[in-house]
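Below: one structure, written as structure tokens.
Since every read-out is calculated from the coordinates, none of them should be taken as a lab result. What you see is a predicted model, and the numbers here were worked out from it, not measured in a lab. Here the Cβ positions follow ideal geometry from the backbone for every residue, glycine too, while neighbour counts run over all protein chains shown.
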Amino acid sequence: MKISRRDFLKTTALTSLYFAGFGTPTYASGPKKNLVIIMLRGGMDGLCAIPIKGDKNFEKLRSKINLERTLKLTSDFDLHPALKTFKSLWDQNLSAAVHATNIPYTGRSHFDGQNLMESGGKIPYQEKTGWLGRGMKTAGLTGQGLALALPMPLLIRGVPMNNNYFPVGRSLPYPSTLELIQKAYKEYDEKLLSDNLEIILTRDFNNRSSDDAWILASSAGTELSKPNGPKVAVFEVDGFDTHAAQGATDGAHADCLSDYDNIIRSLKSSMSKEAFNNTLVLTLTEFGRTIKQNSSNGTEHGYGSAILMAGGLLKKAQIHTDWPGLKKKELFEGRDLNSTIDARSLYASAMSTVFDVEFERIKKDVFWGDKLDNLSDKLFKA
């Protein structure tokens, strides 16, 4: 039986929703290191996740959305109570944060901002690949990335054979169907796609019917722990665009922070101790929120935010920041927390550490030689 290309494309609508397995990669000497990125879409309020202590003006500007209770971190910063796992890891020197940071984008558009946070570019929609994908390509990590999202995020595009998985509540097509599709690929000399189907036919990763973040994270953690499993994983958490009823200790923003916290909890519990000790988990967000609450007890699009980190590759529990202050003259355009650390410096440093590639090469190949600071010695274990 011969399948036309058109018929094949119709049939692959099902198979594209399933996570493919991985080959047998080779790594530098020592245990496999993993990099996990969690994209917090909508603009995460860094001042809500990690609030500054004792700033009376800030408390006045947020009188309706101030946190009634917090978890203690340092003498200068507290933690939102929804981040219980983060605090537990902090107490073990397994979590940290970078505050007053963002990508160099000040336009406050979700569409442009999310494109740039994933591409690492300077002009929205100019780049067709993501900074993580380019970093993997530089490190020679073909087919070692997993995105827990549909469609494949721009962030991880740019290196062949990465895979994505997201449950659709359906069973995988019969092996005979997949075999026919595979033959169709071969007849058109599309070896890369044919090889992907071969992986699907032989994989042992069970399809899940739930899209709960913690369930996906549990599955991903199991795969990341395997010596021949993925080295990179990408998650998404939506809902941080809290223009109204943001809430404080509880509410919309707290719920989103809980989703993030559940991901790192499930990763930690599903990964082997050795694997988590050799893992780095970082967040992305397109921008922060305004200092002042609005009339709907929410916040508007801002600039500076915070990056949350977890994993055994962190040097210690710390809030790394060049704090700009919250007085009106210290704010960006008189309304937003300023960004004093280019988030791309952190991402370049993370890739250099996890991928065992020199920082200068990452900076040149991934970020076009932009002026970035190497933060590896300050934040990460060698």
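At what distance in nm do the modelled label points of SER296 and ASN57 sit from each other, each positioned 7 Å from its Cα along Cα→Cβ?
A separation of 2.7 nm, rounded to one decimal place.
Rounded to the nearest 0.05, what FRET efficiency do LYS371 and ILE215 give with R0 = 35 Å and r taken as the Cβ-Cβ distance? Could you check?
With a Förster radius of 35 Å, E is 0.25.
Scan around LEU284 for amide H atoms under 5 Å from its own, H built in the peptide plane at 1.01 Å from N, and keep only partners 5 or more places away or cross-chain.
HN-HN under 5 Å from LEU284: ILE38, MET39, LEU40.
Excluding GLY239 itself, what net charge comes from residues whose Cβ is under 11 Å from its Cβ, given Lys and Arg +1 and Asp and Glu -1?
With Lys, Arg at +1 and Asp, Glu at -1, the neighbours total -4.
Once both labels are modelled 7 Å past Cα along the beta-carbon direction, what's the LYS364-ALA244 spacing in nm?
About 5.3 nm, to one decimal.
Arrange the peptides 132-138, 92-98 so that the one whose residues have, on average, the most other Cβ atoms within 10 Å appears first.
132-138, 92-98
Which order do peptides 348-354, 291-297, 112-118 fall in by mean Cβ count within 10 Å, highest first?
348-354, 112-118, 291-297
Can you compute the FRET efficiency between ARG335 and GLU179 using 1/(1 + (r/R0)^6), with r the Cβ-Cβ distance and R0 = 51 Å? Round to the nearest 0.05.
Given R0 = 51 Å and the Cβ-Cβ separation, E is 0.30.
May I ask you to give the average projected area over all directions of the convex hull of the Cα atoms of segment 240-376, in nm² rounded to one decimal?
Numbers: hull surface 39.2 nm².
Computed as one quarter of the Cα hull surface, the answer is 9.8 nm².
Which cross-chain or sequence-distant (5 or more) residues have an amide H under 5 Å from the amide H of GLY120, H modelled 1.01 Å from N in plane?
Excluding prolines and chain starts, which carry no amide H, the hits are TRP131.
May I ask you to list the aspartates and glutamates whose Cα is less than 20 Å away from that of LYS231, ignoring any residue fewer than eight positions away on the same chain?
GLU118, ASP195, ASP204, GLU223, GLU274, ASP356, GLU358, ASP365
So what J values fall out for segment 305-311 if you push phi through Karplus, 6.51 cos²θ - 1.76 cosθ + 1.60 with θ = phi - 60°, rounded to Hz, Gly and Pro as x?
After applying 6.51 cos²θ - 1.76 cosθ + 1.60, I find 9, 9, 10, 8, 10, 8, x Hz.
Could you tell me the center-to-center distance, by alpha carbons, between segment 346-382 and segment 229-270 in angstrom?
26
As a quick test, which of the pairs LYS56/LYS378; LYS273/LYS315; LYS32/LYS381; LYS72/LYS226; LYS32/LYS128; LYS56/LYS268 have an alpha carbon distance above 26 angstrom in this structure?
Values: LYS56/LYS378 31 Å; LYS273/LYS315 17 Å; LYS32/LYS381 14 Å; LYS72/LYS226 35 Å; LYS32/LYS128 29 Å; LYS56/LYS268 37 Å.
Beyond 26 Å: LYS56/LYS378; LYS72/LYS226; LYS32/LYS128; LYS56/LYS268.
Taking H placed 1.01 Å from N in the peptide plane, check which residues at least 5 places from ALA100 or on another chain put their amide H under 5 Å from its amide H.
Under 5 Å from the amide H of ALA100 lie the amide H atoms of SER305, each far enough along the sequence or on another chain.
Considering the alpha-carbon set of segment 24-103 alone, what are its Rg and its Dmax in angstrom?
16.7, 56
List the GluC sites (Glu not before Pro) within segment 296-382 that fall in a DSSP loop (any state other than H, G, I, E or B) and whose Cβ has at most 14 other Cβ atoms within 10 Å.
GLU333, GLU358
Given the peptides 102-110, 365-373, arrange them by the average over their residues of other C-beta atoms within 10 Å, most packed first.
Result, highest mean first: 102-110, 365-373.
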